[in-house]
1. Sorted by packing (mean other beta-carbon atoms within 10 Å per residue), highest first, where do 248-254, 96-102 land?
2. For the pair residue 56/residue 227, report the inter-label distance in nm, with labels modelled 7 Å from Cα in the Cβ direction.
3. Only bridges whose two residues both fall in the chain count here: according to DSSP, what percent of them are antiparallel, nearest 5?
4. Computed over the Cα atoms, what is the radius of gyration of the chain divided by 2.2 N^0.38 Å, N being its residue count?
5. Which length gain, in nm to one decimal place, applies between residue 109 and residue 246 when the Cα-Cα distance is subtracted from 0.36 nm times their residue separation?
6. Students often check this: by mean Cβ neighbours within 10 Å, which of 129-139, 230-240, 188-198 ranks highest, and how do the rest follow?
7. Would you report the distance distribution of C-alpha pairs in segment 154-310 as whole percents per 5 angstrom bin, up to the bin with the largest distance?
8. What whole-number value in cubic angstrom gives the convex hull volume per residue for the C-alpha atoms of segment 1-97?
Ligand code: HMG
Ligand code: MG
């Protein structure tokens, strides 16, 4: 008899941050704010809004303060932001985030390319961030990139993942996200990486963040559900990518994940129809069709029923 799956899953929609950070064309602040508004209207309760990184490195996130000022906060919704160092934290704090995300990597090569320092140095930069955030009453999450493979180093071992999990735990990070930056993970390998995090964190403080480059993300999420993990980062319309991981495509689409979870009888609190609207909105802003398969199918079905009703 297979183990029971979780009955409720928590999704962080990372679309406004991960989804848009890699867009080459500037996306106006009002559309980022509009996306956050639509996500919360769809019932998304955790939204990764922006990042406080160098605008020279990631120009798309340069309007971080304006986006945080522009969002209309809804009760029960938690707003997350990425911060790589104290400079980012000091800029982020007055914008009243609920959760800050420090982002490290399991591979040394990716750490150097993404945040310009070694893994150990990154932890020393995160240490005061975690201390200050906890003192300010904010939750601190740690993202561990390249946990299933690195565009520069290649293979990444579960030992390398566990090393960073342990380092993050040591500085007070409260939740760790195992991130497959380039989407090369497959279900059993994902379970092994996640299990290393579970040696140090309780099940509710471990999440999966899967880019869908090789089409494995839904299978990987199912593999996580099988071992009881119920927290995932997903991105509306399947947007996303990292400027420092060439060729890596979007995150798993929130619409696809919600569709699968609904089919499994697992609650998310998200209204799929309204989510599809949010995906269509931002895809329209970007001038392309949603990458989400479920989003496209549901939009096509609507089109047909509108024709039938006419
Ligand atoms: P650095 O050049 O090593 O930093 O960059 P520095 O301390 O030497 O400072 C250099 C300049 O940057 C200075 O400005 C600082 O003021 C400025 P200058 O004097 O030259 O004018 N600076 C900052 N400006 C704004 N905000 C800051 C900040 N810090 C320094 N926080 C740094 C280090 C981390 C800042 C840089 O490498 C950077 O911004 N990298 C961007 C990394 C990034 O955003 N990557 C994408 C997000 S991670 C991701 O997508 C993965 C994830 O989704 C999980 C997954 O899928 O794997 C989370
Ligand atoms: Mg990512």
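Just so it is clear, none of the values below were taken in a lab; they were calculated from the coordinates. Everything quoted here is computed from the prediction, not taken from an experiment. All Cβ positions, glycine included, derive from the backbone under ideal geometry; neighbour counts span all protein chains shown.
1. Numbers: 248-254: 27.1, 96-102: 21.9.
Top of the packing list down: 248-254, 96-102.
2. So the label points at residue 56 and residue 227 sit 4.1 nm apart.
3. Working: 2 of 36 bridges.
Just about 5 percent of them are antiparallel.
4. Values: Rg = 18.2 Å, N = 310, 2.2 N^0.38 = 19.5 Å.
That works out to 0.93 for the chain.
5. Numbers: separation 137, 0.36 × 137 = 49.32 nm, distance 1.37 nm.
Between residue 109 and residue 246, full extension yields 47.9 nm more.
6. Numbers: 129-139: 17.2, 230-240: 28.7, 188-198: 20.6.
Top to bottom by mean Cβ count within 10 Å: 230-240, 188-198, 129-139.
7. Spelled out per bin, shortest first, that is 2, 9, 17, 19, 19, 14, 9, 6, 3, 1, 1, 0, 0.
8. Working: hull volume 12.8 nm³, N = 97.
That works out to 132 Å³ per residue.
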